């Protein structure tokens, strides 16, 4: 449920970002997303004081915030160069990176079938990009960078969630990310109008809600099981992109997205089956 809400928020955000990039620089959009996201979270301090900020893992929070900013910058740039459906479909490779990183950092085991499924998923990325036919454009490159960042963020959140609440994880991201995003936005600054500010306020609210749901999803589930639900985004962005922007995904986006979806869904299924088998033998 939490991952479904997170993907809904993320999809709506991508459509809004795509709309805003026609008139504002992507880096400035990231700053306002962080700023308004932080403002949405301020009532937490009125209720709980500074208690949610208590942590012994400041370093990992900094790493997670840096990864999140890098992912947001890459995602916004990708959406400024590509259609929202293509950029989102390429980002589906994030869970494939997450599977590999989960082996390295979380000690999760990977077997031959999962390796084959992962390779099949990356083949789906190639179907979308079609290198040698249309070339690797800037939008696709930024989307791949965002996907890799997404995978590292998932690992960081999984580690943090062992000791930190979802509220703490979300707060540190906003507090650390906002001033850094402002610094990078300064060279591209232009004053937004009230309508643009309204869209970015909505962006901040959706971002904070999405971060919280994302953290909750990984708190209660393994990376390899939760990650496939990310592919609900393709349905969301296809619908919202058509309604709001008049963009229709091409057949290669659907085909490649389906390949990636089935590869990660299979990985999640195998992981769940393995856990059930282990539970029955104990």
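A short reminder: the numbers here are calculations on the coordinates, not readings from a lab. Given the structure is predicted, the values throughout are model-derived calculations rather than measurements. Reconstructed Cβ throughout: ideal geometry from the backbone, glycine too, with neighbour counts over all protein chains shown.
The separation of the range 158-199 from the range 1-39, counted between C-alpha centres, amounts to 10 Å.
The value of relative contact order for the chain, using C-alpha pairs under 8 Å at least six residues apart, is 40 percent.
Over the chain, DSSP H runs of length four or greater, each weighted -39,500 (n - 2.57), average out per residue to a 222 nm ellipticity of -26500 deg cm²/dmol. Summarised as an ellipsoid, the range 74-221 has semi-axes of 28, 24, 12 Å, derived from the eigenvalues of the Cα gyration tensor scaled by 5 and square-rooted, with the largest first.
Start at zero, step by 5 Å, and the Cα-Cα distances of the range 1-107 spread as 2, 10, 14, 20, 20, 16, 11, 6, 1 percent across the bins.
Using the per-residue mean of other Cβ atoms lying within 10 Å as a proxy for protection, in what order, highest first, do the peptides 95-104, 196-205 fall?
Details: 95-104: 21.1, 196-205: 18.1.
The peptides rank, most packed first, as 95-104, 196-205.
Eigenvalues of the alpha-carbon gyration tensor of the range 179-222, scaled by 5 and square-rooted, set the equivalent ellipsoid semi-axes at 29, 15, 5 angstrom, largest first. Shown for the chain is the translational diffusion coefficient from the Stokes-Einstein equation, using the Kirkwood radius over Cα pairs, a temperature of 25 °C and a viscosity of 0.890 mPa s: 129 µm²/s.
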